[in-house]
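Structure, as structure tokens:
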Amino acid sequence: MRGAIFGDIAGSRFEWRNCRKKDFPLFAEDSFFTDDSVMTVAVAKSLAECGESGEQALREAVVRNMRQMGQKYWYAGYGFMFARWLKSDDPQPYNSFGNGAAMRISPVADYARSEEEVKRLSRIVTEVTHNHPEGLKGAECVAMCGFLAKQSATKEQIFRRAKEYYPEIGTFTCAKLSETNVFDETCQGSVPQALTCFFEGKDFEDTIRNAISIGGDSDTIAAMAGGIAELFFGMQEGHVDTIKLFLSRDLQRTVSAIEDKVYRKE
């Protein structure tokens, strides 16, 4: 979860002013958390409350927490369709394949205890909004890669699994993407790119720098790559402390409370 939040904040100031290089200050005064962080926390909070309950209880918790937190942080930068869902009197899935499905999924990777649970939980928390097959696939792919990273899989093993979802992975590099990648808010147009940034990353920070260097939807690409990189590489204490400088106190407290409860001890 914190890896996704870190990537979101680092990429926030580059979403509309792409950087296209790796040598830049990770954070600045105009860095901020966006909807990626808010919805990631909402998913984690839902798992903490109802992850071991039935599907309906978890689905209701996801809808409730997304709407409560989304309305509290209304300025976080939601897409039009999701913003309408947040305000609807009868929130229903709207067949989206946007990368919002994958930007918020990292808590599932850390919470699940089996591949089958990854698939089940990913579907439940995603389909409340993004019930298009591409939206469901993008979320499950990111969650599965994160889960395998947590299970100490090698990059080669994670890469082979990722190609089952997106066969095009491996046909482009970060260097090439930095020249050709365009802003694309779909799962199919940003998840393979984010995964490439992780596969080429030398460590957690290098993965984040890769994600921002390729341009496009910078905060979301960095959030997706960061969520996996945290589980594979780990994060330095300084990286964790930096997040606290940009999150609201309420979000900080929520994240800490979730981490005490949601990631179950074996």
How fast does the range 1-137 diffuse by Stokes-Einstein, in µm²/s, taking the Kirkwood radius from C-alpha pairs at 10 °C and 1.306 mPa s? 102
Along each of the three principal axes of the Cα atoms of the range 159-266, give the extent in whole Å, ordering the values from largest to smallest. 40, 32, 26
The chain - percent relative contact order, Cα under 8 Å, separation 6 or more: 31
The range 19-120, accessible area per residue, ligands and nucleic acids excluded (1.4 Å, Å²): 46
Per the helix-only calculation at 222 nm, which mean residue ellipticity applies to the chain, given -39500 (n - 2.57) for every DSSP H run of n ≥ 4 and division by its residues, nearest 500 deg cm²/dmol? -19000 deg cm²/dmol
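Hand me the tally of lysine pairs in the range 118-266: alpha carbons under 13 angstrom apart, and the pair either on different chains or 8 or more positions apart.
On the way: K119/K137; K137/K163; K155/K163; K155/K202.
Taking the Cα cut-off of 13 Å, the pair count is 4.
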Per-residue HN-Hα couplings for the range 137-144, Karplus 6.51 cos²θ - 1.76 cosθ + 1.60 at θ = phi - 60°, whole Hz, x for Gly and Pro? 5, x, 5, 5, 4, 5, 5, 5
Among (i) 41, 19, 18; (ii) 24, 20, 19; (iii) 27, 20, 18, which is the computed semi-axes √(5λ) of the Cα gyration tensor in Å? (ii)
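Could you tell me what percent of the accessible area of the range 28-82 is made up of carbon and sulfur, with a 1.4 Å probe and every protein chain present? Numbers along the way, then the final one.
Details: 1300 of 2390 Å².
It is 54 percent, rounded to a whole number.
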Sorted by chain and number, the residues with a modelled amide H under 5 Å from that of T186, at a separation of 5 or more or across chains, are N99
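The values are calculated or read from the model by the stated rules, or taken from the named source; none is laboratory data. Here the structure is a predicted model, which is why all the values come from computation and not from measurement. These area figures cover heavy atoms from the full protein model, side chains too; ligands, DNA and RNA do not enter into them. Shrake-Rupley method; radii C 1.70, N 1.55, O 1.52, S 1.80 Å.
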